[in-house]
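See structure below.
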Amino acid sequence: MCTPPDASRSLPDFTELDLQGKVLPEGVGPGDIKAFQVLYREHCEAIVDVMVNLQFTLVETLWKTFWRHNLSQPSEAPALAVHDEAEKRLPKASLVLLSKFEPVLQWTKRCDHALYQGLVEILIPDVLRPIPSALTQAIRNFAKSLESWLTHAMVHIPEEMLRVKVAAAGAFAQTLRRYTSLNHLAQAARAVLQNTAQINQMLSDLNRVDFANVQEQASWVCRCEDRVVQRLEQDFKVTLQQQNSLEQWAAWLDGVVSQVLKPYQGSAGFPKAAKLFLLKWSFYSSMVIRDLTLRSAASFGSFHLIRLLYDEYMYYLIEHRVAQAKGETPIAVMGEFANLATSLNPLDPDKDEEEEEEEESEDELPQDISLAAGGESPALGPEALEPPAKLARTDTRGLFVQALPSS
């Protein structure tokens, strides 16, 4: 039996609905706008209530109720009564009209991002802290179902609103899946990091890796400075030898990210620099794993597990840094990407991505990056960003093109 997550955090206040100077649709008045805001707030609060009590399947019912799914097919008296009350406050005809009104669409998207971010923090307040297996499975099952539930509940609602809702829900589902996977890996890795015999074997195997050869092969793509790679290699070995806890490893990874991205803080190039760092870390660590594989390292299984964990945790860190730099929630950042990638009616699926790349390229990235690990910080270029042992989950194809030197 799993216990409910911490419910001490309340739903954050929603922003005001900005009409952006646009005229209300015909048949809709200011009272309808206000009614929609109040009803939507109540709807989101109800979702928080059922989620906190782990009643995940009730979310589908709440969606159906708000979007009047069964209004034309009344089968249950209680449901009909709820629909009647909602109809008095905001007729479905007005709800449909508002679902095509751009200011309402933008407001709804912001509300969903705030709602889902809050739910993630309630369900998984610490991605490294153990979560009961029953709760993990319940969360994953919910994440698997929620997009289809939402689509079914909104079957009679305009596509414009459906697109907004599904993009946010998709980002929420993906985040829940990734965080539960990260949590599972973290618990599996704890045993490895606390096993002296396994740590010694890992150190022995790591010392046999030909890092000079790895660097030679990786530098053509990553253009990493030797001193930076050597420093991170030594830091990794020292941290491993000290048999540090999972939390100490997490702090080390966080420190690496902080120092590498510090020069980009506050610049428009920050998101691109962060993604590029993630790619390079991934590529370099894949070369290390390749070397261990070719040598039939006895500790390959342990390294593979650690690499998977660091992959997920590095993605988690970068995701949060990019969101912070943009002044948005991680859910909002992932939601925008999902909306771009899975638009229900794209005119040109590549156009928006190309435009985004052009915008990011307007600000040249700094030529020097300092990576401090105590004492004097070496200077490194934007290409010189790699610690060992990591795997990528991002779409590396697009980033790889960015990483290649222009001819």
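Below are the figures for this structure:
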read-out	value
Restricting the stretch 61-84 to residues that are part of a helix (DSSP H, G or I) and modelled with pLDDT of 80 or more, the residue that is nearest to residue 33 (Cα to Cα)	66
Out of 138, 189, 114, 173, sole residue that is closer than 30 Å to residue 232 by Cα and touching a residue at least 24 places away in the same chain (Cβ under 8 Å)	189
Extreme residue, surrounded by the most Cβ atoms within 10 Å (Cβ to Cβ), among residues of the stretch 248-274 that are charged (D, E, K, R) and under 17 Å from the mean Cα position of the chain (by Cα)	272
Of residues in the stretch 93-123 being surrounded by fewer than 21 Cβ atoms within 10 Å (Cβ to Cβ) and of a type in the set (A, V, I, L, M, F, W, C), the one farthest from residue 18 (Cα to Cα)	122
Failed item, numbered, when residue 11 is tested on (1) at pLDDT 95 or above; (2) in contact with a Cys (Cβ under 8 Å, 6 or more places away or on another chain); (3) over 21 Å from residue 94 (Cβ atoms)	(1)
Residues that are over 27 Å from residue 301 (Cβ atoms) and among the basic types (Lys, Arg), drawn from the stretch 237-290	262, 272, 275
Restricting the stretch 270-307 to residues that are among the hydrophobic types (A, V, I, L, M, F, W, C) and not in a helix (DSSP H, G or I), the residue that is farthest from residue 210 (Cα to Cα)	298
Any hit, the stretch 172-183, residues being assigned to a loop (DSSP other than H, G, I, E, B) and surrounded by fewer than 20 Cβ atoms within 10 Å (Cβ to Cβ)	no
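Residues checked against (1) of a type outside the set (Lys, Arg); (2) assigned by TED's automatic domain parsing to the domain that holds residue 56; (3) touching a Cys at 6+ places or on another chain (Cβ under 9 Å); (4) in a helix (DSSP H, G or I):
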| site | (1), (2), (3), (4) |
| --- | --- |
| 127 | yes, yes, no, no |
| 130 | yes, yes, no, no |
| 151 | yes, yes, no, yes |
| 155 | yes, yes, no, no |
| 167 | yes, yes, no, yes |
| 203 | yes, no, no, yes |
| 218 | yes, no, yes, yes |
| 228 | yes, no, no, yes |
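Conditions tested, residue by residue: (1) surrounded by 20 or more Cβ atoms within 10 Å (Cβ to Cβ); (2) under 30 Å from residue 332 (Cβ atoms).
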| residue | (1), (2) |
| --- | --- |
| 205 | no, no |
| 276 | yes, yes |
| 282 | yes, yes |
| 288 | yes, no |
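The values are calculated or read from the model by the stated rules, or taken from the named source; none is laboratory data. As the structure is a computational prediction, the values presented were derived from the model and not from experiment. As a convention, Cβ positions derive from the backbone with ideal geometry for all residues, glycine included, and neighbour counts pool all protein chains shown.
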